[in-house]
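Below is one structure; the comments refer to it alone.
FYI, it's all coordinate maths here, none of it is from the lab. Model, not experiment: these values are computed from the prediction. Here the Cβ positions follow ideal geometry from the backbone for every residue, glycine too, while neighbour counts run over all protein chains shown.
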Amino acid sequence: MPIGTAFHERTLALCQSLSYRDWSGYYTVSSYEPSHEHEYNAIRSAAALIDVTPLFKYLISGPDATRFVDRIITRDLSKVAVGQVIYTPWCDEWGKIIDDGTVSRLGENLYRWTAAEPNLRWFWRNAPGLDVKIEEVSERVAALALQGPTSARLLKRVAEADLDGLRYFRVTSGKIAGIPVDISRTGYTGDLGYEIWVPWDRALAVWDALMVAGAAFDLHPAGMLALDVARIEAGLLLIDVDFASSRKAVIDAQRYSPWELGLGRLVALDKPAFVGRQALLAERTRGHARETVGLEIDWPSVEAVYEKVGLPPAVSPIASRVAVPVYRGGAQAGRATSTTWSPTLKKLIAIALVAREHASPGTRLEMELTVEAVRYRVHATVTKTPFFNPPRKTKTPPD
Amino acid sequence: MTAARVDARARDVVIIGAGHNGLVAAAYLAQAGLKPLVLERRDLIGGRAVTDEIHPGFRCPALCHSAGPLDGRIARELDLARHGLEWLAPEVRVLALAPDGHALALHDDAARTAAGLQPLSARDAAAYPEFAACFARLGAALRPLLAMTPPTAARAGARDLWKLLTLGRRLRGLGKKDLFRLLRFAPMAVADLAAEWFESELLRATIAARGIFASFAGPWSAGTGVALLLQAAHDGHATAPAAFARGGMGAISQALAASARALGAEIRTGAAVSRIAVRDGVAHGVVLASGEEIAARVVVSDADPRSTYLHLLDGACLSPDFTSKMRNYRSVGTVAKVNLALSRLPRFSALAPAGPEGARLLSGRIHIGPDIDYLERAFDAAKYGEPSAEPYLDLCIPTLLDPGLAPAGAHVMSIHAQFAPYALRSGDWAARTDALGRQVLKTLATYAPDLPELIVGAQVLTPVDLEQRYGLAGGHLLHGEAALDQLFAFRPLIGWAQYRSPIARLYLCGAGTHPGGGVTGLSGRNASREIWKDLRS
């Protein structure tokens, strides 16, 4: 049975829908209100507060901390300054992705590493011969995502930290309500926003300070349903939905390389050694077989299907995590793994995994659409992700 | 792409460690026309096969005191006699002593051994010739395995299957009874095996001792029977070998080095390798502790597998999966070495009165561990991180056949003391070395009461010394347990028993590869064959 996060006392009181889900063993709000639409709109038009405490968090320190992290991740740490945060995958020795997450360089040899899944054993297995301390701090550090166009102004109101100077994917330390916190300009929404790393036992005071000040900025606590729509718009992948960890794979098709997930630019093959490098070198030479792309579904084609059935066109406001077949001509070209109506773009969009020959932007494909338990195909066009990428996401100083 | 990047000044082959296998590999590769460079961290070549001055004027085989024996082909092919190697043939292979004054001499000649057994047990005397003949037959059937590169069971190719088929036919030639014995003996506890053949405790214990020598195992441990089969494969006998060279074990190394040099190899001492340089999964040289970098087309490690993979390589070069398997490779040392300089030959109660006859009986290996329970109790302590209160001792007095090692009339005694576990439950070896030495002397004094007063110099080497001075990871005398799960196609790891490593152009040639174990030179010879095969293709 799940347990509450450090913010449970507050989120429970606010969760009118009583709609929870299990995220890594924690109760996590799906939507506070019966529908997640206000929460989604807070992310894109005001500010949203999301409890992301269930992320796995590790603190890496010691003289060989940099060597250790660099040995595991595919990106090159020598290009990462203190105060910088990177998003990176890490692979097994066959070059297949185990997990992805962010690595914050807090000091020359001090890192906070977040992951979607438990990685402690993998870290230990890569530590032999290195003078490194690996601590799992998942239950010592609580985390909040403060996301949306008004998030910077709100945060400036409550936090003692240099937020004007804080660039995208940078981290700084500061205080909220007198409590020492780390603030990174990161998030899972593709919008202007921050993640705030808080000592577990003082988490509620930070929540309260943000909520009180947030009233003036139309701050809403937001749940996973709203976040899911936002992350698809931002083209951000979700483990167990858009790909799977190679650790859980049963067949080869369930193993994904960084190139297949569109993360090839994050693989520093010129780095002398890291787990999976040999296999990744070989894959670069050989070429990858599949690619993750964006799909824009042709709305008139959806309308046509509904018209044929005799129904008005309808689409769920909730993002779908059900994989559906994608075709080109008569043959299957791949599958759409995450599909959502984008309220901001007014488009039906999807993240899809297709054979490489179907991956170039502009390629016309078809996606399965089921209406009244009958399968139809609608037109879709391969597009680059992110679907939505506002300038405010990276603007410094922020508005 | 890789070939184009090879340094023009690169050496053909760099061999890490001038242990006997490293020297054997160097000599064979030189014979093939390469110019190997052997790098030895110590000032003395030989690794485990060295003769050290333990006290002014007293030279003693510092670690191993007998060859395994050295494979006859190696001695011939490398012309070791011409390079000064002279074998000494003791009359007795193993002399076992009991505290009650009994002694039992095992000779290479089974009939002679049987005659000596008569007073102890008529039944054992009758059984011994068949025991000896049985192991001679089993050994002969297994012998071809020793010089063979083990198959890759994980991905057996046509050649591997052919090799196994050939072996299978040879084993069928053994006949049904011996084949059954072969299959039964290897996984058996050696105490059971010995008890099936013999009734007298002293003989049982002497036979069983070979099953546990240098191992983290007692006579009741399953699988200890395999060591008897392995010994029989080497020289047709189930008991400890007494293959001595004039000048001690170091003389074997010196002859190998002389042969290797004559064939064109270069040997540098005082050259400790701190790291194997790897780029893009390919070894391309070594870096010395001094910082000097030596480029090479091929790097061969005579160091044990754990040292090679876990200490000489950057962990990022190896897959975490491989590394964790390597970390589970069992190499926890259990043997301490005590070397004594003695003013004269001690008087052993069992052989009184002393005389030329006594000296002849003592000239092979001497076994102390009079019954199975004694050996098991000695092991019990090690299981719980303590040295044995009454250790099992395997010793020899090299000066009996080779008086030149000590001043006239004086002697040296080389003692393997078991069990002295590498990892102690309490305290550390630095603080407990003296106590260990005293314990060994106390045990010896039971059999040779005048021994303590004859000591003019003593050296005690604990497993930690074996690790620090001789570079044996875990202080394991045999570069890792020679047990069923770590032999043949499993030595050191399944899939990596062909002398190759996950790093291209990096090879292993030490005792941590098949057939491993003692000083036989076969690992070096087999490795050189595989290396040459790769270089030629």
**Message:** Which residues does the label zone of residue B:423 cover in the stretch B:473-505, counting backbone N under 15 Å from a point 7 Å along Cα→Cβ?
**Reply:** B:473-476, B:481
**Fill in**
Env charge @ residue A:367, Cβ radius under 14 Å, K,R +1 / D,E -1, value +2
**Message:** Can you sort B:226, B:287 from fewest to most other Cβ atoms within 10 Å of each residue's own Cβ?
**Reply:** B:287, B:226
**Request:** Starting from the Cα of residue A:364, step 7 Å toward the Cβ, then list every residue of the stretch A:318-334 with an amide N under 11 Å from that point.
**Result:** A:329
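May I have the convex hull volume per residue, in Å³, for the Cα set of chain B?
Working: hull volume 75.7 nm³, N = 537.
Enclosed volume per residue, from the Cα hull, is 141 Å³.
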**Item:** residue A:282-residue A:153 pseudo-label distance in nm [points 7 Å out on the Cα-to-Cβ vector]
**Value:** 5.6
**Item:** Projected area averaged over orientations for chain A, convex hull of C-alpha atoms, nm²
**Value:** 20.0
**Request:** Pairs to check: A:57/A:133; A:79/A:271; B:337/B:442; B:163/B:533; A:96/A:248; A:175/A:395. Give those whose C-alpha atoms are more than 20 Å from each other in this structure.
**Result:** A:175/A:395
**Complete:** Here FRET efficiency (C-beta to C-beta, residue B:327 to residue B:170, R₀ 51 Å, nearest 0.05) is 0.90
**Message:** Run the simple label-point estimate for residue B:494 and residue A:133 please: 7 Å along Cα→C-beta, distance reported in nm.
**Reply:** 4.0
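Shielding by partners for B:318-326, please: the mean number of other protein chain Cβ atoms within 10 Å of each residue's Cβ. List each step's numbers first, then the result.
Details: counts 5, 9, 13, 5, 1, 6, 5, 0, 1.
Taking the mean over all residues of the peptide, I get 5.
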**Request:** Report, by chain and number, residues whose modeled amide H sits under 5 Å from the one on residue A:84, excluding near sequence neighbours (fewer than 5 apart, same chain).
**Result:** A:105, A:171
**Prompt:** Between residue A:240 and residue B:314, what is the spin-label point distance in nm, taking each point 7 Å from the Cα along the Cα→C-beta axis?
**Reply:** 3.6
**Request:** Just rank B:454, B:466, fewest to most, by other beta-carbon atoms within 10 angstrom.
**Result:** B:454, B:466
**Request:** Quick one: go through the stretch B:101-117 and flag any residue whose amide nitrogen is under 18 Å from the point 7 Å out along the Cα-to-Cβ line of residue B:130.
**Result:** B:110-115, B:117
**Message:** Springs between alpha-carbon pairs under 10 angstrom, Gaussian network model over chain A: which of A:309, A:275, A:80 fluctuates most?
**Reply:** A:309
**Cα-based Rg and Dmax for the stretch A:290-383, where Dmax is the largest Cα-Cα distance (Å)** = 12.4, 37
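So what's the back-of-envelope 222 nm ellipticity for chain A, counting only DSSP H runs of four-plus at -39500 (n - 2.57) apiece and dividing by all residues, rounded to 500?
On the way: 9 runs with 81 residues, N = 399.
Result for chain A, helices only: -5500 deg cm²/dmol.
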**Prompt:** Which chymotrypsin sites (Phe, Trp or Tyr not before Pro) from the stretch B:76-171 combine a DSSP loop assignment with at most 13 other Cβ atoms within 10 Å?
**Reply:** none
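Averaged across the residues of A:260-272, what count of C-beta atoms belonging to other chains lies within 10 Å of each residue's C-beta?
On the way: counts 0, 0, 0, 0, 0, 0, 0, 0, 0, 1, 0, 1, 6.
Per residue, the average neighbour count from other chains is 1.
What average number of partner chain Cβ atoms lie no more than 10 Å from the Cβ of the residues making up A:88-98?
Numbers: counts 0, 0, 0, 0, 3, 7, 2, 0, 0, 0, 0.
Average per residue, whole number: 1.
In deg cm²/dmol, rounded to 500, what helix-only [θ] at 222 nm does chain B give when every DSSP H run of at least 4 residues adds -39500 (n - 2.57) and the total is split over its residues?
Values: 17 runs with 192 residues, N = 537.
Computed mean residue ellipticity for chain B: -11000 deg cm²/dmol.
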**Message:** Show me the ranking of peptides A:191-204, A:354-367, B:333-346 by mean Cβ neighbours inside 10 Å, starting with the highest.
**Reply:** B:333-346, A:191-204, A:354-367
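Could you give the length gained by full extension between residue B:44 and residue B:430, i.e. 0.36 nm per residue of separation minus their alpha carbon distance, to one decimal place?
Working: separation 386, 0.36 × 386 = 138.96 nm, distance 2.37 nm.
Computed gain between residue B:44 and residue B:430 is 136.6 nm.
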**Fill in**
Taking only the alpha carbons of the protein assembly as shown, the radius of gyration and the largest Cα-Cα distance, Dmax, both in angstrom, are 35.6, 117
**Request:** Using R₀ = 60 Å, calculate the FRET efficiency as 1/(1 + (r/R₀)^6) where r is the Cβ-Cβ separation of residue B:380 and residue A:35; round to 0.05.
**Result:** 0.25
**Fill in**
Assertion target for A:385, A:344, ordered by fewest C-beta neighbours within 10 angstrom first, is A:344, A:385
**Sites residue B:10 and residue B:274, calculated FRET efficiency, Cβ-Cβ separation with R0 30 Å, nearest 0.05** = 0.95
**Prompt:** What is the distance in Å between the Cα centres of the stretch A:262-334 and the stretch B:347-376?
**Reply:** 79
